[in-house]
Amino acid sequence: MSRFRVHLRPADVVDVFVYVVVLNLAAEYLPQVITETFTLSLLTAVLLKLILEVGVALKDRVKGRLKAATSLTGRIASGILLWALLVGSKFAVLEAVSVAFQGQVQLGGFFAVTGLILALLISRAGVRRLLRDFD
């Protein structure tokens, strides 16, 4: 019998906390971002963490293929795939949040969620750098 194990690193917990702060600030200052309760914002942060980790892993794989491509066709195909992944991931986030929270959480449209994701990733990088400096 196989057991499913989750390997949770301290950085993952910090990321979720950062995402909660950014998400709640967005909900406070951007009318198109709505989260009805703190619990929902925490669950949304966990969902965003999962989706963004998968998205970053896929993006890194495609970037590796793009760098390794030796033919023009391979480079073009990898470039198109990377573009589709970058754009499609935003729609994946919107759909996942819509399905998971059935209207109780709204992240706005494509441009709002793109800005939110950029803010999440920049904030995460800043906090990780700050914490790394304390090691």
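How would you classify the range 44-135 from its alpha-carbon gyration tensor, with a ≥ b ≥ c the square roots of the eigenvalues: rounded for a/c under 1.5, else prolate if a/b is greater than b/c, otherwise oblate?
Oblate is the answer for the range 44-135, as a/c is 1.5 or above yet b/c matches or exceeds a/b.
Ranked from highest to lowest mean number of other Cβ atoms within 10 Å per residue, what is the order of the peptides 8-21, 63-76, 37-50?
Packing proxy ranking, top to bottom: 37-50, 8-21, 63-76.
Just add up the charged neighbours of Ile122: K/R +1, D/E -1, any other residue whose Cβ is under 13 Å from the Cβ of Ile122.
On the way: positive: Arg124, Arg128, Arg129; negative: Asp15.
Summing Lys and Arg as +1 and Asp and Glu as -1 gives +2.
Enter the accessible area per residue of the chain (Å², integer; probe 1.4 Å; all protein chains in place).
68
Within the accessible area of the range 35-87, what % is carbon and sulfur when the probe is 1.4 Å and the other protein chains stay in place? Don't skip to the answer; put the middle values down first.
Numbers: 2460 of 3480 Å².
Summing carbon and sulfur atoms, their accessible area is 71 percent of the total for the range 35-87.
Round to the nearest 10 and give me the degree value, 0 to 90, for the angle of helix 10-29's Cα axis relative to the longest principal axis of the chain.
Orientation of helix 10-29: about 70 degrees from the principal axis.
Would you mind calculating the relative contact order of the chain from Cα pairs under 8 angstrom and at least 6 residues apart, reporting the percent as a whole number?
33
The values are calculated or read from the model by the stated rules, or taken from the named source; none is laboratory data. What you see is a predicted model; the values in this text were computed from it and never measured. Cβ: placed from backbone, ideal geometry, glycine included. Neighbour counts: every protein chain shown. SASA here: full protein model, heavy atoms, side chains in, ligands and nucleic acids out. Shrake-Rupley method; radii C 1.70, N 1.55, O 1.52, S 1.80 Å.
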